[in-house]
Amino acid sequence: MINAADLPDIIPLFPISGALLLPRARLPLHLFEPRYLVMLEDVLKTPHRLIGMIQPNEVPGRDGPGLHMIGCVGRVTQFSETEDGRYMITLTGASRFRLTEEVEGFTPYRRARVSWSGFDRDLGPEEDDPVFDRAMFLSLLQQYLSDHELRTDWESLEEADDELLINSLSMLLGFAPEDKQALLEAPSLRTRRETLVTLIEYTMRGGAEEVMQ
């Protein structure tokens, strides 16, 4: 587990629209662009092995697409190289961060100075949701998946802890990028679950068609 003292002031950024990483969750990624292969090489030389996942927004920045202000840093916990030089990695979410400013430098990838203030809970134990009505939630989810002709491992869902269930679905269900950002910025597991339910219900009422990623 990473301690607050281990979190650096400057981190590399991996901007991907629609990709969501949450604390204590795992996100598999496929790296093939040369700049991100360089980023991985640099990250693996550090003691913390952290990469900041962050979403682009619609506001153009000076050096490329603008970025949302809040992202989540993940630690490289698994990686493997393919025969053609690409990498499959797994990031384990550590803490959300607030972007302070981008840092100029000679790296081909983007870096930023960040603040960890306000996200102390991310480094603690798993969260629970004391008022979570699991039966009602799973019934709603079953209807959603049926409407979209999707299948899942119901036994694993029923046995998963509150945080694992809610965060995994937040990451896997194919909501719009702005909706993913809202799930990321939810201040607690309860508010994330409430946001997730709202998004599922909106989709079932005829919102933008979603698919399981």
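Just so you know, all these numbers are worked out from the coordinates, no wet-lab data involved. Fair warning: this is a prediction, and the values are worked out from it, not measured in the lab. Quick reminder, even Gly has a Cβ in these numbers, built from the backbone with ideal geometry, and neighbours come from all protein chains shown.
For the reader, a short list of remarks on this structure follows.
- Nearest-ten-degree value, helix 34-44 long axis tilted from longest Cα axis of the chain: 90 degrees
- With coordinates expressed along the principal axes, the C-alpha atoms belonging to segment 4-123 extend over 41, 33, 26 Å, beginning with the largest.
- With respect to the chain, whose longest principal axis is taken over its alpha-carbon atoms, helix 189-204 is tilted by about 70°.
- Summary of packing: across the peptides 87-98, 157-168, the per-residue average of other C-beta atoms within 10 Å ranks them, highest first, as 87-98, 157-168.
- Label sites at Val197 and His48, each approximated as a point 7 angstrom past Cα along Cα to Cβ, lie 3.6 nm apart.
- Remark: the chain carries a charge dipole of roughly 660 debye about the Cα centre, counting +1 on each Lys and Arg Cβ and -1 on each Asp and Glu Cβ.
- Compared with the alpha-carbon gap, the fully stretched path from Glu101 to Arg134 is longer by 7.8 nm at 0.36 nm per residue.
- Highest-first packing order for the peptide set 71-80, 103-112, 125-134 is 71-80, 103-112, 125-134, based on the mean count of other beta carbon atoms within 10 Å.
- Measure of compaction for the chain (Cα Rg per 2.2 N^0.38 Å): 1.05
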